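Here's the structure, in structure tokens; my notes come after.
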Amino acid sequence: EYGVRHILGITAGYNGLSDPAKHPPVELTEKMVRDIHMKGGSIIKAARGGFDAEKICDNLDRLGINMLFLVGGDGTQFAGNLLYEAARKRQLPVSIVGIPKSIDNDVVLFDRTFGFESAVAKASEVIRNAWVEASSCERGVGIVKLMGRDSGFVAMHAATAADVVDLCMIPEVKVEMKDVLAHVDRTLAQKGYMVIAVAEGAGQEHVSTGEKDATGHTVYGDIGVFLRDTLNKHLKPSGGRTFYIDPSYIIRSVPINPNDHIYCVRLANDAVHTAMRGYTGVCVGAMHNVISMLPCRIHFRLMDNDGQQALKPLHIFALFLLRSLPTSLRRRVVLPG
């Protein structure tokens with residue numbers, strides 16, 4: 001529509017912009033991208049780190065790039081604001097437009113990130129598999145650990161969609177193990193089996209490692225294995241057992257589903273229109289289901305003061321309506337009035 005025929009795919013995230021000699025860009029031709037919606041993953045390869053605003057500005061100028069689309073989560077958009085400020089100081093003629101992408105759906109202020117619904121659909125299938133195993137055994141407990149380091153959107157939505165979950169543990173809400181065990185006993189006494197969905201970042205107060213990886217991220221303890229072992233020990237005297245499933249990256253490597261496909265088309269079109277109209281330093285995403293432009297500096301400020309997105313109280317309230325939850329969880333949630 002705009003007559004643009006030279007489009008580069010920057011490989012390895014910010015590494016490809018800071019050091020294009022080591023991570024050379026690829027030309028995104030129609031032939032190359034024609035079938036990518038049929039696959040999961042990324043043809044230009046994802047990577048962490050590598051951000052250097054000054055080097056990136058040098059390379060943008062050298063390569064003649066005048067529109068840059070940043071696809072990623074809060075960290076990517078946080079860095080995008082720094083890049084925008086560096087480019088503005090140089091008066092570099094480039095539009096920098098962010099597109100929210102996080103499998104955890106934890107990009108602040110936007111309704112959702114693309115890929116999230118596809119991940120939830122796959123996760124809900126896995127939860128139903130856990131239900132089959134648990135309900136096929138006397139006093140069986142199915143445990144499914146899902147992605148979600150600092151937010152429980154995947155676990156919460158998958159639990160709601162599967163409609164067979166008796167306990168959903170999320171990072172936003174701390175829970176005491178004595179209450180979990182009491183809830184397990186009560187549920188097994190009532191119907192003879194149980195299903196638990198747990199986000200990987202939940203219950204870290206029980207499994208904290210106190211370590212950080214090479215990129216500075218906290219190394220989380222394995223809450224899924226901890227739950228499995230704790231419940232197996234608790235249930236063994238009464239003849240019960242657990243069935244532990246960790247789908248890990250399976251839920252985010254699936255082909256995109258129709259709703260996500262439509263959402264991607266909306267985001268792509270509006271991101272391009274935004275850049276072609278000369279806007280820069282903005283992020284494009286859905287707010288109350290309307291595609292909107294949000295200044296990247298807002299993400300910067302939120303991240304600077306803890307940009308973790310909280311679950312909406314109404315979502316947690318929906319889980320209350322579906323399931324009886326442990327006492328300690330009830331104490332920590334304020335229901336909407």
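The values are calculated or read from the model by the stated rules, or taken from the named source; none is laboratory data. None of these values were measured; they are calculated from a predicted model. Glycine also receives a Cβ, built like all others from the backbone with ideal geometry; neighbour counts cover every protein chain displayed. Surface areas here come from the heavy atoms of the whole protein model, side chains and all, with no ligands, DNA or RNA. Shrake-Rupley method; radii C 1.70, N 1.55, O 1.52, S 1.80 Å.
Within the shell of other residues whose beta carbon sits under 12 angstrom from the beta carbon of Asp229, the net charge comes to +3, with Lys and Arg scored +1 and Asp and Glu -1.
Scalar couplings 3J(HN,Hα) for segment 244-252, obtained by applying the Karplus form with A = 6.51, B = -1.76, C = 1.60 to θ = phi - 60°, are 9, 10, 10, x, 6, 6, 4, 6, 10 Hz; x denotes Gly and Pro.
Roughly speaking, to the nearest percent, how much of segment 107-196's 1.4 Å accessible area is carbon and sulfur? Mind dumping the intermediate values first?
Details: 1540 of 3060 Å².
Accessible surface attributable to carbon and sulfur in segment 107-196 totals 51 percent.
Largest accessible area first, the residues Leu60, Leu181, Leu82 order themselves as Leu82, Leu181, Leu60 under a 1.4 Å probe with ligands, DNA and RNA left out.
Express in nm, to one decimal, how much length is gained between Thr230 and Arg277 on full extension, taking 0.36 nm for each residue of separation and deducting their alpha carbon distance. Can you show the working numbers first?
Details: separation 47, 0.36 × 47 = 16.92 nm, distance 5.71 nm.
Full-extension gain reported as 11.2 nm.
Per atom type, segment 24-96 shows carbon and sulfur on 53% of its accessible surface, probed at 1.4 Å. The GluC sites (Glu not before Pro) of segment 1-81 meeting both criteria, a DSSP state outside H, G, I, E and B (loop) and at most 16 other C-beta atoms within 10 angstrom of the site's C-beta, are Glu1. Bridges between two residues of segment 1-143, per DSSP, are antiparallel at a rate of about 25%.
Given a 1.4 Å probe and heavy atoms of the protein chains only, how would you sort Thr113, Thr209, largest accessible area at the top?
Details: Thr113 0, Thr209 55 Å².
My answer, sorted largest first, is Thr209, Thr113.
DSSP beta bridges in the chain, what fraction antiparallel, as a percent rounded to 5? Please list the in-between numbers first.
Working: 10 of 33 bridges.
So the antiparallel bridges in the chain amount to around 30 percent.
Report the local net charge at Phe51: Lys and Arg +1, Asp and Glu -1, summed over other residues whose C-beta lies under 14 Å from its C-beta.
Values: positive: Arg48, Lys55; negative: Asp19, Asp52, Glu54, Asp58, Asp74, Glu85.
Surrounding charge for Phe51 is -4.
Taking all protein chains together and a 1.4 Å probe, the residues Ile103, Ile245, Ile43 rank Ile43, Ile245, Ile103 from largest to smallest accessible area. To the nearest ten degrees, helix 177-191 and the longest principal axis of the Cα atoms of the chain are 60 degrees apart. Annotation: amide H-H contacts under 5 Å for Ser95 (H modelled 1.01 Å from N, sequence separation of 5 or more, or interchain): Met67, Leu68. In the neighborhood of Ser238, defined by Cβ-to-Cβ distances under 11 Å, what is the net charge if each Lys or Arg adds +1 and each Asp or Glu adds -1? Residues near Ser238 contribute +1 overall. Taken per residue, the accessible surface of segment 203-304 reaches 57 Å², heavy atoms only and a 1.4 Å probe. Here is the tail figure for segment 78-159: Cα pairs spaced more than 19 Å apart come to 55 percent of all pairs. Among the listed pairs Lys212/Lys233; Lys45/Lys233; Lys174/Lys236; Lys212/Lys236; Lys39/Lys236, a Cα-Cα separation exceeding 32 Å is found for Lys45/Lys233; Lys212/Lys236; Lys39/Lys236.
Can you tell me the accessible area per residue over segment 1-74, all protein chains present, probe 1.4 angstrom, in square angstrom? Working shown, then result.
Values: 4820 Å² over 74 residues.
With the other protein chains kept in place, segment 1-74 gives 65 Å² per residue.
Springs join every pair of Cα atoms under 10 Å in this Gaussian network model of the chain, and among Asn15, Asn257, Asn269 the largest mean-square fluctuation is at Asn269. Free of any trypsin sites (Lys or Arg not before Pro) that DSSP assigns to a loop and that have at most 10 other C-beta atoms within 10 Å, the longest stretch within the chain is 35-276. Expressed in units of 2.2 N^0.38 Å, where N is the residue count, the Cα radius of gyration of segment 1-146 is 1.36. Rounded to 0.05, the FRET efficiency of the Tyr249 and Arg34 pair, given R0 = 22 Å and the Cβ-Cβ distance, is 0.30.
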